[in-house]
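Peer 1: Please read through the structure below; I'll follow up with questions.
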Amino acid sequence: MGTRLVIATDKVNEDEPCTMLREEIANNHLGKRRRYQIIKVVRGDRIAEFRRDLGKAEAFKANPFQIPGCGGDGIPVHNVGELVEIANYLREEKPRHPEKPMQNLLADYYYRKELEEKEKVGWKQFGFKAVVP
């Protein structure tokens, strides 16, 4: 398996077709943990990658995320401006539930629905499965 060469760019326009926007936490060249925003745009017949340093990783409450910009056929349906707007909203959102490894997509869906319903009515969980309304 060979490595793929990624074309880097130093700027993107808001109206460019965007295939994906991702925010991740990684170490910079000094070994400090930083949050980066990675935007992949279509330039001609290739994908170009733009990276933006958002700051210290500890300054963000939201978990890292990825937003697809393509439909099922691989054709971009969003532009950079739309995905950046969604990312700004998601970044300000605090994590609603502790992360747990996904075991089964359907089971995970119902688990999260159950937590959201309990949150709505104000249920709190104390200890192991002791739930008080």
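Peer 1: Please specify each residue of the range 81-102 satisfying the condition of being more than 30 Å from residue 13 (Cα to Cα) and modelled with pLDDT of 65 or more.
Peer 2: none
Peer 1: When you check residue 66 against the structure, is it among the polar types (S, T, N, Q), within 30 Å of residue 123 (Cα to Cα) and either surrounded by 11 or more Cβ atoms within 10 Å (Cβ to Cβ) or at pLDDT below 95 (or both), yes or no?
Peer 2: Answer is no for this residue.
The values are calculated or read from the model by the stated rules, or taken from the named source; none is laboratory data. All values derive from a computational prediction rather than experimental measurement. Every residue, glycine as well, gets a Cβ built from its backbone with ideal geometry; the counts of neighbours run over all protein chains shown.
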